[in-house]
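Please treat every number below as a calculation from the coordinates, not as lab data. Bear in mind the structure is a predicted one, so any value in this text is a computation, not a measurement. Note: ideal-geometry Cβ built from the backbone for every residue, glycine included; neighbour counts use all protein chains shown.
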Ligand SMILES: [Zn+2]
């Protein structure tokens with residue numbers, strides 16, 4: 001999208017001559033409830049200084065129309081100053097006041113000011129989402145993180161609405177059918193962190209107070225809101241309870257009083273990501289308001305996100321990266337703090353590190369093996385690069401590496417470093433060196449070498465144990481082999497496991513050591529009896545792929561589920577999944593492990609990831625000739641475990657959902673239909689609305705859901721969520737017409753909102769329909785550049801990633817992907833990156849299939 005991009009060089013140049021003193025932003029959204037109104041009035045007045053009087057600069061703005069531009073009292077013709085993405089001004093004075101009046105567009109893609117109308121009651125809701133660079137869709141701005149300033153928002157909205165922003169409102173004036181909300185100036189913050197939420201939201205209020213070390217009391221008003229029609233499901237007490245525990249915890253650890261006054265948390269519709277850390281006004285996807293029963297893993301996930309965003313108030317909002325190269329400075333920390341905080345704040349989610357090891361890190365391992373992987377500190381040339389870097393490296397690998405850093409320098413040095421970092425750089429911008437400075441001070445260690453190995457290089461190492469024994473079965477030598485492009489220093493624990501009297505695999509020895517280079521001898525192990533299982537990286541201190549010696553692997557094949565410790569078991573599951581992905585364990589062997597041991601997996605989050613992975617193993621990694629049998633085995637296993645699960649338990653619900661995902665044969669589909677009709681019952685299983693849609697999806701994908709039946713379900717659940725699930729069901733039907741309709745709805749029009757783009761793609765791409773969707777591989781590659789240039793980046797990313805022919809695991813599709821890449825060296829780097837990653841997934845699937853076939 002040329003013209004809409006902004007390069008690092010341009011941002012540096014602008015920051016080198018400008019300093020921003022303040023923004024005043026006036027928005028008039030009284031037209032929002034009228035669906036025919038496409039735009040709202042936006043007036044920005046920015047006061048800034050320029051160190052080179054006479055110079056020229058530009059503001060960023062994506063608006064259908066600019067009405068006026070005024071610089072220091074001088075009117076400038078918008079027709080010449082505005083090019084569709086930038087407002088150019090020249091002849092700057094040392095001190096400047098620039099006012100831009102524009103008509104900005106209500107968004108349906110979740111970028112900028114998103115507008116949503118609730119099908120339940122016809123109410124309209126607005127919220128903003130900007131990161132990395134969409135504030136410019138709402139007001140004229142210097143859109144880069146290092147030009148911080150105080151913002152004063154004024155919002156005129158329908159009189160029945162409430163409005164929130166980063167700061168508290170100072171005044172509300174009613175004039176006829178409208179009310180105008182004047183908000184206090186914020187502290188100096190980056191443009192991407194500003195926010196407005198407006199609409200007839202349901203609100204729950206609470207309060208947090210805390211005695212500070214200086215004897216004063218910190219008072220933080222709290223609120224949480226969601227759409228009115230979700231209010232019956234809104235467990236605000238639980239949300240605000242986690243919030244207060246988090247505020248206690250971060251104040252203790254960070255020793256810097258929460259700097260942004262009040263703390264609002266808005267759960268908003270059609271949100272593109274999990275949540276966003278706008279200071280004082282955090283936004284979350286409203287799927288975190290649970291309409292139906294979910295497992296405890298979902299509650300844990302939500303609590304993790306609440307703490308992640310709260311950590312950002314310090315890491316990211318108070319101290320912000322200078323440019324997107326150092327996005328990790330906030331995201332890796334927040335991701336780490338999400339899990340660390342769940343334990344440290346004494347929430348009830350005591351398995352947070354199990355979830356982290358098993359699920360969050362799977363994201364990192366996947367991303368880090370793409371050809372497009374990058375160091376944690378990245379090279380971000382422009383905004384498109386930035387958009388793609390909200391990825392498994394910046395979040396999950398970064399967090400895992402921070403966990404390793406804590407093991408390396410100790411938690412006291414780590415947190416004392418954080419405390420100094422906040423005090424030293426409050427309301428400023430930082431780079432890697434600023435963080436290393438404080439950590440070196442507090443740890444007394446030289447961290448340059450460590451940082452070079454862990455933060456400034458890409459890729460994941462594998463650690464493999466090598467065990468030799470004597471005639472009596474005693475270890476003569478245990479060595480750790482390291483394999484990878486960059487051999488790193490790893491602080492690890494080695495766990496030695498044997499069967500106890502009950503048959504459980506329990507740890508009988510633990511050795512902690514530093515692993516360096518390609519071979520490290522574990523001296524302490526010599527002379528001990530050879531254990532049944534050697535588990536490297538026990539306790540998950542470092543970031544690596546764990547391999548096994550032959551005897552340990554045999555122990556896992558016969559007893560993985562018998563490992564008593566939850567974290568060790570999760571690590572073992574993670575390791576065998578990596579073996580499968582790497583084509584070192586046949587997919588059918590992995591499926592056999594899941595079928596054998598998943599039924600005894602106690603951790604619900606781990607169980608749910610086993611379901612996802614087993615399905616992927618069959619759909620993509622198994623020999624196609626075995627696929628049908630593998631699918632049957634999974635469905636049979638799901639049915640067996642569903643019948644055996646404790647009535648009403650999370651495990652029962654998880655197995656019911658897995659049955660819906662795998663059901664294919666007459667027996668399984670018959671039960672699915674019976675559960676929907678009420679003619680079949682599983683004791684304790686509540687077939688609530690979300691589960692009903694999962695069951696309908698199974699029938700739809702099998703071609704057994706009639707149009708009237710699906711329409712009837714939508715009539716019974718005529719909600720935003722119902723509309724999405726209904727759309728997905730329609731697209732998931734196994735007919736050429738259904739696929740054509742879904743494809744066309746996404747590709748041929750820009751009318752669909754983000755949520756329905758996603759629903760259509762999800763329904764279209766049912767792996768079992770690969771024969772139907774194969775026709776779309778060639779059109780897909782033809783379409784790519786047009787999509788990239790015409791659609792917003794959020795929607796373009798979904799189309800490129802979602803319509804890639806993932807299920808066409810054959811050499812021909814791989815060749816088509818290569819042909820596109822070879823033929824389009826000049827395509828946007830971010831577009832090429834997405835296609836390269838999809839292509840790499842495909843190549844990986846072919847390698848795994850070859851392993852499974854052999
Ligand atoms: Zn974050």
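Quick check, is residue 231 away from the ligand (no atom under 16 Å from the Cβ), part of a helix (DSSP H, G or I) and free of Cβ contacts under 8 Å to residues at least 40 places away in the same chain? Answer is yes for this residue. Would you say residue 25 is touching a residue at least 40 places away in the same chain (Cβ under 8 Å) and assigned to a strand (DSSP E or B)? Yes, satisfied. For region 381-391, the set of residues classified as touching a residue at least 60 places away in the same chain (Cβ under 8 Å) and within 16 Å of the ligand (Cβ to nearest atom) consists of 386, 387, 388, 389, 390, listed by residue number.
Here is a check on your reading of the model: is residue 241 more than 15 Å from residue 198 (Cα to Cα), in a helix (DSSP H, G or I) and within 16 Å of the ligand (Cβ to nearest atom)? The answer is no for residue 241. Filtering region 174-188 to residues that are assigned to a strand (DSSP E or B) and under 30 Å from residue 317 (Cα atoms) leaves 179, 180, 181, 182, 183. Taking region 499-536 as the range and being surrounded by 16 or more Cβ atoms within 10 Å (Cβ to Cβ), part of a strand (DSSP E or B) and more than 38 Å from the chain's Cα centre (by Cα) as the test, only 499 passes.
For region 267-276, the set of residues classified as surrounded by fewer than 24 Cβ atoms within 10 Å (Cβ to Cβ) and within 13 Å of the ligand (Cβ to nearest atom) consists of 273, 274, 275, listed by residue number. Looking across region 676-696, the residues that are touching a residue at least 40 places away in the same chain (Cβ under 8 Å) and in a helix (DSSP H, G or I) come down to 689, 690, 691.
Residues are listed down the side, and each one gets a yes or a no for (1) away from the ligand (no atom under 15 Å from the Cβ); (2) more than 18 Å from residue 300 (Cβ to Cβ):
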residue	(1), (2)
237	yes, no
248	yes, yes
257	yes, yes
261	yes, yes
265	no, no
279	no, yes
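Counting only helices (runs of 4 or more DSSP H) that fall entirely inside region 285-366 and contain at least 3 residues that are under 30 Å from residue 580 (Cα atoms) and more than 13 Å from the ligand (Cβ to nearest atom), the qualifying elements are 296-312, 352-355.
Taken together, the criteria place residue 826 among residues that are out of contact with any helix residue (DSSP H, G or I) (no Cβ under 7 Å at 6 or more places or on another chain) and either on the phi > 0 side of the Ramachandran plot or not in a helix (DSSP H, G or I) (or both).
Among the residues making up region 811-843, those that are under 24 Å from residue 617 (Cβ atoms) and more than 23 Å from the chain's Cα centre (by Cα) are 811, 812, 813, 814, 817, 843.
Of the helices (runs of 4 or more DSSP H) lying entirely inside region 392-478, those containing at least 1 residues that are free of Cβ contacts under 8 Å to residues at least 60 places away in the same chain and touching a strand residue (DSSP E or B) at 6+ places or on another chain (Cβ under 9 Å) are 411-425, 432-443.
Which members of region 508-538 meet the condition of being more than 15 Å from residue 576 (Cα to Cα) and in contact with a helix residue (DSSP H, G or I) (Cβ under 7 Å, 6 or more places away or on another chain)?
Keep residues of region 508-538 that are more than 15 Å from residue 576 (Cα to Cα), which gives 508-532.
Across region 508-538, the qualifying residues are 511, 532.
How about region 243-258: which of its residues are in contact with a helix residue (DSSP H, G or I) (Cβ under 9 Å, 6 or more places away or on another chain) and in contact (Cβ under 8 Å) with a residue 60 or more places away in the chain?
Taking region 243-258 and keeping what is in contact with a helix residue (DSSP H, G or I) (Cβ under 9 Å, 6 or more places away or on another chain), we get 243, 245-247, 249-250, 252-258.
Of everything in region 243-258, those that are in contact with a helix residue (DSSP H, G or I) (Cβ under 9 Å, 6 or more places away or on another chain) and in contact (Cβ under 8 Å) with a residue 60 or more places away in the chain turn out to be 243, 245, 246, 247, 249, 250, 253, 254, 255, 256.
In the set (1) assigned to a loop (DSSP other than H, G, I, E, B); (2) buried (at least 19 other Cβ atoms within 10 Å of the Cβ); (3) within 16 Å of the ligand (Cβ to nearest atom), the condition left unmet by residue 374 is number (3). With respect to the stated conditions, residue 537 is in contact with a strand residue (DSSP E or B) (Cβ under 9 Å, 6 or more places away or on another chain) and within 28 Å of residue 841 (Cβ to Cβ).
Among the residues of region 441-462, the ones that are at positive phi and under 29 Å from the mean Cα position of the chain (by Cα) come to 1 in all. So which pairs qualify, if the first residue must be in region 266-282 and without any contact (Cβ under 8 Å) to a residue 60 or more places away in the chain, the second must be within 9 Å of the ligand (Cβ to nearest atom), the Cβ gap must be under 6 Å, and the two must be at least 6 apart or on different chains? Pairs found: 274/305; 275/305; 275/309; 282/309. Name, by its number, the condition in (1) more than 16 Å from residue 807 (Cβ to Cβ); (2) touching a helix residue (DSSP H, G or I) at 6+ places or on another chain (Cβ under 7 Å); (3) surrounded by fewer than 20 Cβ atoms within 10 Å (Cβ to Cβ) that does not hold for residue 745. Condition (3) is where residue 745 drops out.
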